[in-house]
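The values are calculated or read from the model by the stated rules, or taken from the named source; none is laboratory data. In this text the structure is predicted, and so the values were computed from the model without any measurement. Neighbour counts run over all protein chains shown; Cβ positions are idealised from the backbone, glycine included. The protein model used for the area step is the full one, side chains on, heavy atoms only, and it has no ligands, DNA or RNA in it. Shrake-Rupley method; radii C 1.70, N 1.55, O 1.52, S 1.80 Å.
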Amino acid sequence: MLTVVPDPADDRRLTGDLASSSSPIDELVREGARRMLAEALKAEVDAYITQFADERDEAGRRLVVRNGHHEPRQVLTSAGAIEVRAPRVNDKRVDEQTGQRQRFSSAILPPWCRKTPAITEVLPLLYLHGLSSGDFVPALGQFLGSSAGLSAPVITKLTEQWKADQRAFASRDLSGVDYVYIWADGIHVNIRLEEHKLCLLVLIGVRADGRKELIALSDGYRESTESWADLLRDCRRRGLRAPVLAIGDGALGFWSALAEVFPQAKAQRCWFHKIGNVLGALPKSAHPGAKKALAEIWNAEGKDQALAAVGAFETAYGTKFPKAVAKIVDDVEELLAFYDYPAEHWRHLRTTNPIESTFATVRHRTKVTKGPGSRAAGLAMAFKLIESAQARWRAVNGAHLVA
(Lines give C-alpha, C1' and ligand atoms only; values in the text may rest on other atoms or scores of the structure.)
Protein backbone atom coordinates (compact mmCIF):
# COMPACT_ATOMS: atom_id res chain seq x y z
CA MET A 1 0.00 0.00 0.00
CA LEU A 2 1.41 3.35 -1.06
CA THR A 3 1.07 6.24 1.38
CA VAL A 4 1.43 9.77 0.11
CA VAL A 5 2.64 12.32 2.66
CA PRO A 6 1.61 15.87 1.71
CA ASP A 7 4.35 18.46 1.56
CA PRO A 8 3.60 21.42 3.87
CA ALA A 9 5.16 23.66 1.24
CA ASP A 10 2.35 22.67 -1.13
CA ASP A 11 -0.18 23.93 1.40
CA ARG A 12 1.69 27.19 1.76
CA ARG A 13 1.86 27.63 -2.02
CA LEU A 14 -1.83 26.85 -2.35
CA THR A 15 -2.72 29.30 0.40
CA GLY A 16 -0.59 31.96 -1.23
CA ASP A 17 -2.20 31.33 -4.62
CA LEU A 18 -5.68 31.65 -3.11
CA ALA A 19 -4.75 34.82 -1.25
CA SER A 20 -3.25 36.43 -4.35
CA SER A 21 -6.04 35.43 -6.69
CA SER A 22 -8.76 37.86 -7.67
CA SER A 23 -12.28 37.11 -8.73
CA PRO A 24 -13.21 37.54 -12.42
CA ILE A 25 -15.51 40.42 -11.45
CA ASP A 26 -12.66 42.30 -9.75
CA GLU A 27 -10.40 41.78 -12.74
CA LEU A 28 -13.16 42.93 -15.09
CA VAL A 29 -13.76 46.08 -13.08
CA ARG A 30 -10.05 46.90 -12.95
CA GLU A 31 -9.60 46.27 -16.67
CA GLY A 32 -12.59 48.49 -17.43
CA ALA A 33 -11.19 51.23 -15.19
CA ARG A 34 -7.76 50.92 -16.86
CA ARG A 35 -9.22 51.26 -20.34
CA MET A 36 -11.41 54.20 -19.41
CA LEU A 37 -8.48 56.01 -17.83
CA ALA A 38 -6.30 55.31 -20.86
CA GLU A 39 -8.97 56.71 -23.20
CA ALA A 40 -9.44 59.78 -21.03
CA LEU A 41 -5.69 60.48 -20.97
CA LYS A 42 -5.47 60.01 -24.74
CA ALA A 43 -8.38 62.41 -25.32
CA GLU A 44 -6.78 64.97 -23.01
CA VAL A 45 -3.47 64.83 -24.89
CA ASP A 46 -5.19 64.96 -28.30
CA ALA A 47 -7.10 68.07 -27.24
CA TYR A 48 -3.87 69.71 -26.02
CA ILE A 49 -2.05 68.97 -29.27
CA THR A 50 -5.00 70.18 -31.38
CA GLN A 51 -5.11 73.43 -29.40
CA PHE A 52 -1.57 74.30 -30.53
CA ALA A 53 -1.63 72.64 -33.95
CA ASP A 54 -1.07 75.95 -35.75
CA GLU A 55 2.11 76.79 -33.84
CA ARG A 56 5.14 75.74 -35.91
CA ASP A 57 8.87 76.37 -36.08
CA GLU A 58 10.79 78.06 -38.94
CA ALA A 59 10.88 74.79 -40.87
CA GLY A 60 7.09 74.45 -40.63
CA ARG A 61 7.18 71.58 -38.14
CA ARG A 62 4.67 71.47 -35.30
CA LEU A 63 5.93 72.63 -31.90
CA VAL A 64 3.57 70.38 -29.93
CA VAL A 65 3.48 66.68 -30.87
CA ARG A 66 2.96 63.23 -29.33
CA ASN A 67 6.09 61.53 -28.06
CA GLY A 68 5.24 57.94 -27.09
CA HIS A 69 4.31 57.01 -23.53
CA HIS A 70 5.71 57.40 -20.04
CA GLU A 71 6.89 54.37 -18.08
CA PRO A 72 4.03 52.27 -16.66
CA ARG A 73 2.98 53.04 -13.08
CA GLN A 74 0.36 51.75 -10.70
CA VAL A 75 -2.40 54.00 -9.39
CA LEU A 76 -4.61 53.04 -6.45
CA THR A 77 -8.26 53.67 -7.24
CA SER A 78 -11.55 52.71 -5.61
CA ALA A 79 -11.64 49.87 -8.17
CA GLY A 80 -8.24 48.63 -6.99
CA ALA A 81 -4.72 49.08 -8.33
CA ILE A 82 -4.52 49.61 -12.09
CA GLU A 83 -1.49 50.00 -14.31
CA VAL A 84 -1.33 53.18 -16.37
CA ARG A 85 0.87 54.21 -19.32
CA ALA A 86 0.23 57.91 -19.73
CA PRO A 87 0.86 59.39 -23.20
CA ARG A 88 3.80 61.78 -23.43
CA VAL A 89 3.86 65.18 -25.13
CA ASN A 90 6.87 66.91 -26.68
CA ASP A 91 6.18 70.63 -26.27
CA LYS A 92 8.94 72.75 -27.88
CA ARG A 93 7.32 76.10 -27.17
CA VAL A 94 9.24 78.56 -24.99
CA ASP A 95 7.69 80.92 -22.46
CA GLU A 96 8.66 84.45 -23.52
CA GLN A 97 8.71 85.78 -19.96
CA THR A 98 10.72 83.06 -18.23
CA GLY A 99 12.60 81.59 -21.19
CA GLN A 100 11.67 78.09 -19.98
CA ARG A 101 10.25 75.29 -22.11
CA GLN A 102 6.49 74.79 -21.83
CA ARG A 103 5.42 71.50 -20.26
CA PHE A 104 2.22 69.55 -20.56
CA SER A 105 0.77 68.42 -17.21
CA SER A 106 -2.27 66.16 -17.12
CA ALA A 107 -5.18 67.44 -15.04
CA ILE A 108 -6.58 63.90 -14.90
CA LEU A 109 -3.40 62.18 -13.73
CA PRO A 110 -0.69 64.57 -12.46
CA PRO A 111 2.89 63.22 -12.43
CA TRP A 112 2.90 62.94 -8.62
CA CYS A 113 -0.43 61.11 -8.38
CA ARG A 114 -0.25 57.55 -7.06
CA LYS A 115 -3.70 57.43 -5.42
CA THR A 116 -7.06 58.84 -6.44
CA PRO A 117 -8.63 61.48 -4.14
CA ALA A 118 -11.16 58.93 -2.84
CA ILE A 119 -8.36 56.64 -1.64
CA THR A 120 -6.42 59.59 -0.22
CA GLU A 121 -9.45 60.58 1.87
CA VAL A 122 -10.41 57.11 3.08
CA LEU A 123 -6.95 56.06 4.31
CA PRO A 124 -6.77 58.65 7.12
CA LEU A 125 -10.35 57.82 8.11
CA LEU A 126 -9.49 54.13 8.47
CA TYR A 127 -6.53 55.12 10.63
CA LEU A 128 -8.82 57.44 12.57
CA HIS A 129 -11.26 54.64 13.39
CA GLY A 130 -8.70 52.19 14.69
CA LEU A 131 -6.57 50.71 11.89
CA SER A 132 -2.91 51.03 12.90
CA SER A 133 -0.58 52.64 10.37
CA GLY A 134 1.41 49.40 10.19
CA ASP A 135 -1.69 47.34 9.36
CA PHE A 136 -2.62 49.01 6.07
CA VAL A 137 -0.46 46.79 3.86
CA PRO A 138 -1.81 43.42 5.15
CA ALA A 139 -5.36 44.76 5.49
CA LEU A 140 -5.75 46.60 2.17
CA GLY A 141 -2.94 45.30 -0.03
CA GLN A 142 -4.96 42.29 -1.18
CA PHE A 143 -8.21 44.25 -1.40
CA LEU A 144 -6.72 46.95 -3.64
CA GLY A 145 -4.46 44.61 -5.54
CA SER A 146 -1.31 46.50 -4.55
CA SER A 147 0.50 47.66 -1.42
CA ALA A 148 1.98 50.75 -3.08
CA GLY A 149 1.22 53.95 -1.19
CA LEU A 150 0.10 52.16 1.96
CA SER A 151 3.26 52.38 4.07
CA ALA A 152 3.18 53.82 7.59
CA PRO A 153 5.07 57.04 6.61
CA VAL A 154 2.57 57.69 3.81
CA ILE A 155 -0.39 57.32 6.19
CA THR A 156 1.27 59.55 8.77
CA LYS A 157 1.90 62.22 6.13
CA LEU A 158 -1.76 62.17 5.12
CA THR A 159 -2.84 62.74 8.72
CA GLU A 160 -0.71 65.90 8.95
CA GLN A 161 -3.50 67.68 7.10
CA TRP A 162 -5.69 67.21 10.19
CA LYS A 163 -3.56 69.62 12.19
CA ALA A 164 -4.03 72.34 9.58
CA ASP A 165 -7.78 71.66 9.50
CA GLN A 166 -7.98 71.90 13.30
CA ARG A 167 -6.10 75.21 13.37
CA ALA A 168 -8.43 76.66 10.72
CA PHE A 169 -11.45 75.47 12.70
CA ALA A 170 -10.14 77.03 15.92
CA SER A 171 -9.80 80.46 14.30
CA ARG A 172 -13.05 80.63 12.30
CA ASP A 173 -15.62 83.40 12.73
CA LEU A 174 -18.59 82.53 15.00
CA SER A 175 -20.62 85.70 14.58
CA GLY A 176 -22.86 84.28 11.86
CA VAL A 177 -24.50 81.55 13.97
CA ASP A 178 -26.71 81.70 17.06
CA TYR A 179 -26.27 78.79 19.47
CA VAL A 180 -29.31 78.54 21.71
CA TYR A 181 -28.17 75.59 23.85
CA ILE A 182 -24.59 74.43 24.47
CA TRP A 183 -23.13 71.32 26.08
CA ALA A 184 -19.72 71.46 27.74
CA ASP A 185 -17.49 68.63 28.90
CA GLY A 186 -13.89 67.50 29.09
CA ILE A 187 -12.01 64.30 28.34
CA HIS A 188 -8.53 63.24 29.45
CA VAL A 189 -6.32 61.45 26.90
CA ASN A 190 -2.94 59.81 27.50
CA ILE A 191 0.04 61.18 25.54
CA ARG A 192 2.63 58.52 24.71
CA LEU A 193 5.62 60.84 24.67
CA GLU A 194 4.64 63.10 27.58
CA GLU A 195 4.05 62.65 31.29
CA HIS A 196 0.87 64.72 31.61
CA LYS A 197 -2.46 63.82 30.05
CA LEU A 198 -4.15 65.90 27.38
CA CYS A 199 -7.37 67.51 28.64
CA LEU A 200 -9.76 68.20 25.77
CA LEU A 201 -12.39 70.87 26.42
CA VAL A 202 -15.39 70.55 24.09
CA LEU A 203 -18.37 72.79 23.35
CA ILE A 204 -21.26 71.49 21.23
CA GLY A 205 -24.18 73.76 20.42
CA VAL A 206 -27.69 73.70 19.01
CA ARG A 207 -28.25 76.17 16.20
CA ALA A 208 -31.46 78.13 15.81
CA ASP A 209 -32.61 75.57 13.22
CA GLY A 210 -32.24 72.71 15.73
CA ARG A 211 -29.05 71.18 14.30
CA LYS A 212 -26.19 70.20 16.61
CA GLU A 213 -22.73 71.48 15.79
CA LEU A 214 -19.23 71.42 17.25
CA ILE A 215 -18.44 74.94 18.46
CA ALA A 216 -14.98 74.63 19.95
CA LEU A 217 -12.30 72.12 20.92
CA SER A 218 -9.33 73.17 23.00
CA ASP A 219 -6.39 71.80 24.97
CA GLY A 220 -7.04 72.77 28.58
CA TYR A 221 -5.46 72.10 31.95
CA ARG A 222 -7.48 69.75 34.19
CA GLU A 223 -10.79 71.47 33.34
CA SER A 224 -9.74 74.43 35.47
CA THR A 225 -11.70 77.68 35.63
CA GLU A 226 -8.97 79.54 33.76
CA SER A 227 -8.84 76.95 30.96
CA TRP A 228 -12.62 77.10 30.45
CA ALA A 229 -12.57 80.89 30.71
CA ASP A 230 -9.83 81.10 28.05
CA LEU A 231 -11.92 78.94 25.71
CA LEU A 232 -15.14 80.90 26.31
CA ARG A 233 -13.37 84.27 25.97
CA ASP A 234 -11.79 83.13 22.70
CA CYS A 235 -15.22 82.08 21.38
CA ARG A 236 -16.69 85.42 22.45
CA ARG A 237 -13.86 87.28 20.73
CA ARG A 238 -14.64 85.40 17.52
CA GLY A 239 -18.30 86.41 17.70
CA LEU A 240 -20.04 83.79 19.88
CA ARG A 241 -23.10 85.23 21.63
CA ALA A 242 -24.31 84.04 25.03
CA PRO A 243 -26.41 80.86 24.85
CA VAL A 244 -29.82 80.61 26.50
CA LEU A 245 -28.87 77.46 28.45
CA ALA A 246 -25.56 75.68 29.12
CA ILE A 247 -25.51 71.99 30.09
CA GLY A 248 -22.56 70.39 31.86
CA ASP A 249 -21.50 68.12 34.70
CA GLY A 250 -20.55 69.24 38.20
CA ALA A 251 -17.08 70.51 37.27
CA LEU A 252 -16.84 73.84 39.09
CA GLY A 253 -14.31 75.18 36.58
CA PHE A 254 -16.82 75.49 33.75
CA TRP A 255 -19.58 77.08 35.82
CA SER A 256 -17.27 79.70 37.27
CA ALA A 257 -15.97 80.52 33.80
CA LEU A 258 -19.51 80.68 32.37
CA ALA A 259 -20.60 83.12 35.10
CA GLU A 260 -17.62 85.33 34.24
CA VAL A 261 -17.86 85.31 30.43
CA PHE A 262 -21.59 84.78 29.81
CA PRO A 263 -23.35 85.69 33.09
CA GLN A 264 -26.77 85.88 31.37
CA ALA A 265 -26.69 82.18 30.39
CA LYS A 266 -28.73 79.77 32.52
CA ALA A 267 -27.13 76.59 33.93
CA GLN A 268 -28.37 73.00 33.71
CA ARG A 269 -26.52 70.24 35.57
CA CYS A 270 -26.21 66.85 33.89
CA TRP A 271 -28.55 64.31 35.51
CA PHE A 272 -26.42 61.36 34.40
CA HIS A 273 -23.45 62.61 36.41
CA LYS A 274 -25.63 63.75 39.31
CA ILE A 275 -27.26 60.32 39.69
CA GLY A 276 -23.81 58.76 39.85
CA ASN A 277 -22.77 61.20 42.56
CA VAL A 278 -25.90 60.54 44.62
CA LEU A 279 -25.58 56.75 44.37
CA GLY A 280 -21.95 57.06 45.41
CA ALA A 281 -23.13 58.51 48.74
CA LEU A 282 -25.63 55.67 49.32
CA PRO A 283 -25.13 52.00 50.24
CA LYS A 284 -25.76 49.54 47.40
CA SER A 285 -28.84 48.19 49.18
CA ALA A 286 -30.48 51.60 48.74
CA HIS A 287 -29.64 52.00 45.04
CA PRO A 288 -32.78 50.42 43.48
CA GLY A 289 -35.17 52.59 45.51
CA ALA A 290 -33.05 55.72 45.08
CA LYS A 291 -32.86 55.29 41.30
CA LYS A 292 -36.63 55.04 41.12
CA ALA A 293 -37.08 58.11 43.33
CA LEU A 294 -34.59 60.14 41.27
CA ALA A 295 -36.36 59.11 38.06
CA GLU A 296 -39.56 60.57 39.51
CA ILE A 297 -37.73 63.93 39.61
CA TRP A 298 -36.04 64.17 36.22
CA ASN A 299 -38.85 62.36 34.41
CA ALA A 300 -41.73 64.35 35.94
CA GLU A 301 -44.44 65.86 33.76
CA GLY A 302 -43.58 69.39 34.84
CA LYS A 303 -41.54 71.49 37.23
CA ASP A 304 -44.15 71.47 40.01
CA GLN A 305 -44.32 67.66 39.95
CA ALA A 306 -40.50 67.54 39.94
CA LEU A 307 -40.30 69.75 43.03
CA ALA A 308 -42.83 67.51 44.78
CA ALA A 309 -40.66 64.50 43.87
CA VAL A 310 -37.61 66.27 45.34
CA GLY A 311 -39.56 66.70 48.59
CA ALA A 312 -40.48 63.02 48.59
CA PHE A 313 -36.82 62.04 48.02
CA GLU A 314 -35.72 64.26 50.91
CA THR A 315 -38.36 62.76 53.21
CA ALA A 316 -37.40 59.18 52.31
CA TYR A 317 -33.60 59.51 52.54
CA GLY A 318 -32.84 62.75 54.41
CA THR A 319 -32.64 61.24 57.88
CA LYS A 320 -30.23 58.39 57.13
CA PHE A 321 -28.34 59.81 54.17
CA PRO A 322 -28.20 63.62 54.43
CA LYS A 323 -25.11 63.91 52.18
CA ALA A 324 -26.86 62.12 49.31
CA VAL A 325 -29.97 64.28 49.67
CA ALA A 326 -27.88 67.47 49.84
CA LYS A 327 -26.48 66.72 46.39
CA ILE A 328 -30.00 67.13 45.00
CA VAL A 329 -31.42 69.84 47.26
CA ASP A 330 -28.40 72.16 47.03
CA ASP A 331 -28.45 72.10 43.18
CA VAL A 332 -32.19 71.81 42.65
CA GLU A 333 -32.44 75.05 40.65
CA GLU A 334 -29.74 73.97 38.18
CA LEU A 335 -31.07 70.41 38.01
CA LEU A 336 -34.59 71.50 37.07
CA ALA A 337 -33.72 74.39 34.75
CA PHE A 338 -34.64 72.34 31.67
CA TYR A 339 -38.32 72.42 32.67
CA ASP A 340 -38.43 76.12 31.68
CA TYR A 341 -37.97 75.21 28.02
CA PRO A 342 -40.13 73.35 25.46
CA ALA A 343 -41.03 69.82 26.57
CA GLU A 344 -39.77 68.45 23.23
CA HIS A 345 -36.26 69.54 24.25
CA TRP A 346 -36.21 68.10 27.78
CA ARG A 347 -34.64 64.77 26.85
CA HIS A 348 -31.75 66.63 25.15
CA LEU A 349 -31.19 69.15 27.94
CA ARG A 350 -31.12 66.82 30.95
CA THR A 351 -27.69 65.30 30.21
CA THR A 352 -24.43 65.87 28.36
CA ASN A 353 -25.08 62.71 26.32
CA PRO A 354 -24.31 64.38 22.93
CA ILE A 355 -20.72 64.87 24.09
CA GLU A 356 -20.43 61.61 26.05
CA SER A 357 -21.45 59.47 23.05
CA THR A 358 -18.96 61.32 20.84
CA PHE A 359 -16.17 60.90 23.40
CA ALA A 360 -16.68 57.14 23.27
CA THR A 361 -15.22 57.19 19.75
CA VAL A 362 -12.26 59.30 20.89
CA ARG A 363 -11.56 56.94 23.80
CA HIS A 364 -11.71 53.90 21.52
CA ARG A 365 -9.24 55.37 19.03
CA THR A 366 -6.74 56.55 21.66
CA LYS A 367 -6.94 53.12 23.33
CA VAL A 368 -6.01 51.41 20.04
CA THR A 369 -3.02 53.69 19.47
CA LYS A 370 -1.95 53.79 23.16
CA GLY A 371 -2.58 57.54 22.99
CA PRO A 372 -1.35 60.10 20.42
CA GLY A 373 2.34 60.93 20.21
CA SER A 374 1.91 64.63 21.00
CA ARG A 375 -0.64 67.12 22.26
CA ALA A 376 -1.06 68.62 18.79
CA ALA A 377 -1.65 65.17 17.28
CA GLY A 378 -4.18 64.33 20.01
CA LEU A 379 -6.06 67.57 19.45
CA ALA A 380 -6.14 67.03 15.68
CA MET A 381 -7.25 63.40 16.05
CA ALA A 382 -10.10 64.32 18.41
CA PHE A 383 -11.18 67.12 16.06
CA LYS A 384 -11.41 64.81 13.05
CA LEU A 385 -13.24 62.12 15.06
CA ILE A 386 -15.83 64.61 16.30
CA GLU A 387 -16.11 66.17 12.85
CA SER A 388 -16.75 62.72 11.38
CA ALA A 389 -19.34 61.93 14.06
CA GLN A 390 -21.06 65.28 13.50
CA ALA A 391 -22.31 64.14 10.11
CA ARG A 392 -24.47 61.55 11.93
CA TRP A 393 -25.88 63.85 14.61
CA ARG A 394 -29.61 64.39 14.28
CA ALA A 395 -31.43 67.62 15.10
CA VAL A 396 -33.15 67.99 18.46
CA ASN A 397 -36.81 67.06 18.78
CA GLY A 398 -39.11 69.98 18.06
CA ALA A 399 -36.42 71.71 16.02
CA HIS A 400 -38.85 74.47 15.00
CA LEU A 401 -39.16 75.48 18.67
CA VAL A 402 -35.46 76.27 19.13
CA ALA A 403 -35.64 79.61 17.35
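The dipole here belongs to the stretch 295-336: it is taken about the Cα centre, uses +1 on the Cβ of Lys and Arg and -1 on the Cβ of Asp and Glu, and is about 260 debye. In plain terms, the chain from Ser105 to Ala312 could stretch by 66.7 nm, reckoned as 0.36 nm per residue minus the Cα-Cα distance. Between Leu63 and Arg85, the simple spin-label model (points 7 angstrom out along Cα→Cβ) gives 3.0 nm. Annotation for Thr50 and Val332: the two label points, set 7 Å from Cα along the Cα-Cβ direction, are 8.3 nm apart. With each label modelled as a point 7 angstrom along the Cα→C-beta vector, the Arg241-Lys320 pair spans 5.1 nm. Taking a ≥ b ≥ c as the square roots of the eigenvalues of the Cα gyration tensor, the stretch 252-403 is prolate, since a/c reaches 1.5 or more and a/b is larger than b/c. About the centre of its Cα atoms, the stretch 225-291 shows a dipole size close to 260 debye [charges on the beta carbon of Lys, Arg (+1) and Asp, Glu (-1) only; nearest 20 debye]. In plain terms, the chain from Asn353 to Ser285 could stretch by 21.7 nm, reckoned as 0.36 nm per residue minus the Cα-Cα distance.
Here the 3J(HN,Hα) profile of the stretch 55-68, calculated from phi with Karplus coefficients 6.51, -1.76 and 1.60 at θ = phi - 60°, is 8, 9, 8, 5, 8, x, 8, 4, 8, 10, 9, 5, 9, x Hz, Gly and Pro shown as x.
Heavy-atom accessible surface of the stretch 200-305, averaged per residue, reaches 46 Å², computed with a 1.4 Å probe. By definition, a body whose alpha carbon gyration tensor gives a ≥ b ≥ c is prolate when a/c is 1.5 or more and a/b is larger than b/c, and the stretch 200-284 fits this prolate description.
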